[in-house]
Amino acid sequence: MNTSPITPATLSSSVIAVPPLARNGDLTLNRAENEKLIRHLESGGVTTLLYGGNAVLYHVALSEYAELLTLLSEAAGADTLMIPSVGPAYGTMMDQAAFLRDFDFPTAMILPQRDQCTFSGIATGVRRFVDSFGRPAVLYIKHDGLIDVRTVRSLMQDGLISWIKYAIVREDTSDDGYLRELVDTVGPDLIVSGIGEQPARTHMQQFGLSGFTSGCVCVAPKLSMEMLHAIKAGDNDSAEQIRRTFEPLEDLRNSINPVRVLHSAVALAGIADTGPILPLLSDLNEQDRERVKKAACELLAQQ
């Protein structure tokens, strides 16, 4: 596992995969199937994996957290950067910090809390988590009103933030006053587009973000990496063609549920048996499974 400090070069060198987490029928962690998915991603050139929302870490039991961290650290290839997540509840993240101290992960992402939070409260939570963990955290900005730019700047200046995953959905990706203010205030080098392939070119070219995260990269890692390289090279025609290739599966994620669809897509495409999804979520119905299988298999065939 790569344990080097994260730099802008790290963030721009690989699509940041956000994989689902494979479980057995009894909901215990399935090491073999998780390793299959990790090898699939690595074979496509992906070297950064972020386990968060798609892995349903919002609902992970504290009693299995150490086992999860062990699995991720041991399953990673020598050059693969693994990033686990904590939270979103304050008490949960502070308890998880104690487990993380026993491992060499260079950072951990704090899952976003939508309710029961304030700007200053989030800042205090980040500071206390980082103080306990001993390493900077990934800040996940997913909702409008989660945190103001001035607070983000303060956290960055104090060395508490490793990088930022920016994932606020806009009707027009290019028209984003908050992101423009954020970039102008803290710079774009440690900010990553966090909504998959669809807005990645706009975020990277118009706002200067370092790279992008993706769930569908878990189906077609080579193709997603080709899109990253095309964007960085200014090859807009190739980047747009690849973006459209991902669109059918992304449209199903948006219309049904992003996490549930990706969890099923990886299994239905024959990449890894992800097993049942962790409650409080539920598996897809048969009709949706057929639609997802078709889109996932067609995407995989484009590799």
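Throughout, read-outs are computed from the coordinates displayed, never taken from laboratory work. In this text, all values refer to a predicted model and were calculated from it rather than measured experimentally. All Cβ positions, glycine included, derive from the backbone under ideal geometry; neighbour counts span all protein chains shown.
Take each peptide in 180-188, 138-146, count the other Cβ atoms within 10 Å of every residue, and average; sorted highest first, the result is 138-146, 180-188.
With Rg/Rh (Cα atoms, Kirkwood Rh) as the read-out, I listed (1) 1.04; (2) 0.93; (3) 0.97; which label goes with the value calculated from this structure? It is the one labelled (2).
Amide H contacts for Ile110 (H built 1.01 Å from N in the peptide plane; partners 5 or more residues away or on another chain; cut-off under 5 Å): Val86, Val138, Tyr140. Pairwise inverse Cα distances across segment 191-303, averaged and inverted, put the Kirkwood hydrodynamic radius at 14.4 Å.
Each label point was placed 7 Å from the Cα along the Cα-to-Cβ direction; for Glu247 and Leu281 their separation is 2.5 nm. Counted over all Cα-Cα pairs of segment 197-240, pairs farther apart than 12 Å make up 54 percent. Could you give the length gained on full extension between His143 and Arg170, defined as 0.36 nm per residue of separation minus the Cα-Cα distance, in nm? Length gained between His143 and Arg170: 8.7 nm. Helical runs (DSSP H, four residues minimum) scored at -39500 (n - 2.57) apiece and divided by the length of the chain put the mean residue ellipticity at 222 nm at -14500 deg cm²/dmol. Per-residue Karplus couplings for segment 163-178, computed as 6.51 cos²θ - 1.76 cosθ + 1.60 with θ equal to phi - 60°, are listed in order as 6, 10, 9, 9, 9, 7, 7, 10, 4, 10, 4, 6, 9, 9, x, 5 Hz, Gly and Pro entered as x. How would segment 45-164 be classified by its alpha-carbon gyration tensor: rounded, prolate or oblate, with rounded meaning a/c under 1.5 and the a/b versus b/c comparison settling the rest? Prolate, since a/c reaches 1.5 and a/b exceeds b/c. Provide the FRET efficiency to the nearest 0.05 for the Gln303-Leu62 pair, computing r from the beta carbons and using R0 = 35 Å. Efficiency, rounded to the nearest 0.05: 0.40.
The aspartates and glutamates whose alpha-carbon is closer than 14 Å to the alpha-carbon of Lys293, local same-chain residues fewer than 8 away aside, are Glu250, Asp251, Asp273, Asp283. Put in order of Cβ neighbour count within 10 Å, fewest first, the listed residues Leu281, Leu49, Leu72 become Leu281, Leu72, Leu49.
On the basis of the beta-carbon distance and an R0 of 25 Å, Ser4 and Asp102 show a calculated FRET efficiency of 0.85.
Using only the C-alpha atoms, the convex hull of segment 1-62 corresponds to 108 Å³ per residue. With the simple spin-label model, which puts each label point 7 Å out from Cα in the Cβ direction, the Arg289 to Arg150 separation comes to 5.3 nm. Using 0.36 nm per residue and subtracting the Cα-Cα separation, the extra length available between Asp235 and Arg39 on full extension is 67.7 nm.
In this entry, segment 116-269 is assigned a mean projected area of 10.1 nm², taken as a quarter of its C-alpha convex hull surface. Considering only Gly87, Val217, Phe99, and ranking their Cα positions along the charge dipole of the chain that arises from unit charges at the beta-carbon of Lys, Arg, Asp and Glu, the one farthest toward the positive end is Phe99.
The lysines whose alpha-carbon is closer than 17 Å to the alpha-carbon of Lys165, local same-chain residues fewer than 8 away aside, are Lys142.
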